[in-house]
Amino acid sequence: MEEDISKTSDGYVSYDFKTKLAFSIGEITDTVAYQGFGALVFVFYFSVAKLPVIWVSIGFTVWTVWNAFNDPLIGILSDRTKTRWGRRIPWMIAAAVPLSLICFFLWTPPMTSVEMNFIYFVVVLFLFDTFFTMYSLNHVSLFPEMFIKEDERAKVNVMRMIIAIVALIIVFLLPSLIIEDMANQFEYEYTITQYNTVGLVFAIIVGITIFITIKWGSKERVEFAKDFETAPSFTKSIKYTFTNKAFVSFIIAWLCMTTVTGMLITLVPLYATYVLEVAEENSIMIGVLLLTTFLVGIIFLPIWMKIRNKWGLWKMSLMVFVVLAFACTFFLWIDDLLMAFITMAIGGIGIGGSMYIQDQLLAQIIDDDELKYGTRREGGFYGIWAFVTRFGGVIVILIISFVFSGTGWGEFTPLPGADVILGLRLLMGLINILFLGIGFFALYFYPIHGEKLEENLIKRAEIHSKKVKVK
């Protein structure tokens with residue numbers, strides 16, 4: 001059998017293209033499952049299942065309480081897991097089938113009463129997040145471990161981003177091809193069946209891609225085979241994570257970034273329908289708007305790579321926040337589809353940049369933490385990150401709920417008034433700009449760059465060399 005690894009000049013294992021590709025295909029699983037959920041769940045349960053917006057907010061709030069334990073707990077347990085297959089892979093295997101199934105059942109509420117739809121909504125939220133976390137957290141935790149060198153991380157992240165954007169094209173374009181009336185403006189009886197069809201396609205895609213990733217793209221390094229022995233307890237892991245200044249800076253910034261991208265994805269169908277007045281026969285334009293964002297993200301990627309190589313991840317990150325904030329100013333005044341495409345394209349430059357760098361920044365933080373405590377804790381860091389980014393989704397729903405209720409759209413009606421239109425503009429524009437400003441300020445204090453980063457790279461090579469000798 002062809003060897004899938006080789007040694008670099010400094011002794012690090014380097015995986016072949018097939019392994020890197022199979023690992024990166026895991027982004028399809030992650031993106032189709034979570035972004036498909038994020039893009040449609042609010043619109044579906046508000047306008048199709050007819051849950052009052054306050055009920056949707058309550059459901060997401062209850063879900064957040066579960067997230068407060070679920071994501072960090074699974075991450076820390078993953079760090080402390082000992083099996084013949086490693087720490088991460090068993091969790092991914094356990095999540096594979098349930099996650100695939102729940103991607104379909106998200107869109108099949110009983111529709112017998114509002115109360116039953118609400119109960120169903122809360123239950124599927126809990127199930128979805130549990131199995132998604134078991135897969136996604138452990139998949140991304142393998143990234144800093146499998147790909148140690150900075151240049152290799154950057155190259156693999158390009159592959160991951162391209163594949164993720166292909167998945168986003170599926171997520172945003174496919175529903176608009178299948179669902180005629182996504183925002184249920186005309187209340188067709190068959191709209192829910194069309195949502196069911198989308199869910200079935202998503203479930204099949206998730207099942208196939210998660211198999212490929214586990215089978216051919218998931219490896220665990222021998223250097224870290226015994227790190228579970230020194231992994232800290234739950235309370236110590238939480239303490240170590242939240243006292244890491246670099247992580248606190250990063251997590252505040254990315255909570256803001258997640259909130260903004262979540263707001264954009266959640267509200268584009270409603271913004272296009274009611275602000276831009278996209279007609280039913282042109283509903284595919286909603287998917288094309290979102291598609292434009294991520295296609296531009298791919299096209300602009302080589303420029304971001306050059307910026308990263310010249311100025312480093314930290315300075316590039318600050319630029320990403322500025323570009324996206326500039327794009328959001330357009331939402332305050334545009335009123336036609338052409339300007340919407342231009343706005344989404346500019347936003348795509350920023351969103352694409354954020355996707356490219358987020359795991360690389362967190363990998364630097366995990367490396368820095370290993371130098372302090374001697375143990376790699378990808379699970380603990382990604383667990384907290386997963387919790388915080390899920391909380392960003394809750395912030396989105398709570399803010400939408402507050403604005404909708406204040407503008408007279410607390411319950412869905414297909415003909416909202418002028419106040420609702422103003423509310424949609426403020427949500428897409430001013431509120432997003434405020435969050436991006438907070439994120440920029442937090443990231444300004446990120447400490448791992450320049451001399452600090454160079455020092456860490458030297459120390460990291462030394463500690464890994466010692467671990468290889470021990471193991």
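Beta carbons closer than 8 Å, at least 6 apart along the sequence or on distinct chains, pair a first residue in region 325-340 that is under 15 Å from L422 (Cα atoms) and modelled with pLDDT of 95 or more with a second that is among the β-branched types (V, I, T) and open to solvent by 10 Å² or more (accessible area, probe 1.4 Å) for C328/I433; T329/I433; F330/I342; F330/I346. The numbered conditions (1) touching a helix residue (DSSP H, G or I) at 6+ places or on another chain (Cβ under 6 Å); (2) over 27 Å from G287 (Cα atoms); (3) open to solvent by 10 Å² or more (accessible area, probe 1.4 Å) are all true for L77 except (1). With respect to N138, determine if the residue is of a type outside the set (A, V, I, L, M), in contact with a Lys or Arg (Cβ under 7 Å, 6 or more places away or on another chain) and crowded, with 16+ Cβ neighbours inside 10 Å. Yes: the conditions hold for N138. Taken over region 166-187, the criterion of being under 18 Å from F42 (Cα atoms) and open to solvent by 60 Å² or more (accessible area, probe 1.4 Å) is satisfied by E180, F186, E187. Checking each residue in region 418-471 for being basic (K, R), over 19 Å from F250 (Cβ atoms) and open to solvent by 60 Å² or more (accessible area, probe 1.4 Å) picks out K459, K466, K469, K471. Restricting attention to region 57-83, the residues being in a helix (DSSP H, G or I), β-branched (V, I, T) and farther than 20 Å from G262 by Cα number 2.
One line per residue, one yes/no per condition, for (1) of a type in the set (F, W, Y); (2) surrounded by 15 or more Cβ atoms within 10 Å (Cβ to Cβ); (3) assigned to a helix (DSSP H, G or I):
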{"site": "D151", "(1), (2), (3)": "no, no, yes"}
{"site": "A154", "(1), (2), (3)": "no, yes, yes"}
{"site": "F202", "(1), (2), (3)": "yes, yes, yes"}
{"site": "A246", "(1), (2), (3)": "no, yes, yes"}
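Return a yes/no flag: does region 401-408 have any residue that is modelled with pLDDT of 85 or more, open to solvent by 10 Å² or more (accessible area, probe 1.4 Å) and in contact with an Asp or Glu (Cβ under 7 Å, 6 or more places away or on another chain). Yes: one or more hits. Filtering region 36-56 to residues that are modelled with pLDDT of 85 or more, part of a helix (DSSP H, G or I) and not hydrophobic (A, V, I, L, M, F, W, C) leaves G36, Y45, S47. Quick check on region 45-99: of everything there that is hydroxyl-bearing (S, T, Y) and out of contact with any Phe, Trp or Tyr (no Cβ under 9 Å at 6 or more places or on another chain), which residue is farthest from L200 (Cα to Cα)? Among residues in region 45-99 that are hydroxyl-bearing (S, T, Y) and out of contact with any Phe, Trp or Tyr (no Cβ under 9 Å at 6 or more places or on another chain), the one farthest from L200 (Cα to Cα) is T83. Condition check for Y373 on (1) modelled with pLDDT under 90; (2) crowded, with 20+ Cβ neighbours inside 10 Å; (3) within 30 Å of K236 (Cβ to Cβ): one failure, at (2). Taking first residues from region 416-428 that are farther than 18 Å from A325 by Cβ and partners that are open to solvent by less than 10 Å² (accessible area, probe 1.4 Å) and modelled with pLDDT of 85 or more, the Cβ contacts under 7 Å between residues at least 6 apart in sequence or on separate chains come to G423/F404; L424/L267; L424/L270; L424/Y271. Within the option set G287, G262, being surrounded by 15 or more Cβ atoms within 10 Å (Cβ to Cβ), under 25 Å from L426 (Cβ atoms), at pLDDT 85 or above and not hydrophobic (A, V, I, L, M, F, W, C) holds for one residue only, G262. In this entry, D129 passes the filter for residues that are of a type in the set (D, E, K, R) and either in contact (Cβ under 8 Å) with a residue 12 or more places away in the chain or open to solvent by less than 10 Å² (accessible area, probe 1.4 Å) (or both). No other residue among A94, A33 is at pLDDT 85 or above, in contact with a Cys (Cβ under 9 Å, 6 or more places away or on another chain), within 18 Å of L137 (Cα to Cα) and of a type outside the set (K, R) apart from A33.
Of everything listed in (1) under 18 Å from the mean Cα position of the chain (by Cα); (2) open to solvent by 20 Å² or more (accessible area, probe 1.4 Å), the single unmet condition for M319 is (1).
Taken as a whole, region 328-344 holds at least one residue that is under 19 Å from the mean Cα position of the chain (by Cα) and open to solvent by less than 40 Å² (accessible area, probe 1.4 Å).
The values are calculated or read from the model by the stated rules, or taken from the named source; none is laboratory data. All figures in this text were calculated on a predicted structure; none of them were measured in a lab. Cβ sites come from the backbone with ideal geometry, for glycine too, and all protein chains shown count toward neighbours. Heavy atoms of the whole protein, side chains included, go into the accessibility calculation; ligands, DNA and RNA do not. Shrake-Rupley method; radii C 1.70, N 1.55, O 1.52, S 1.80 Å.
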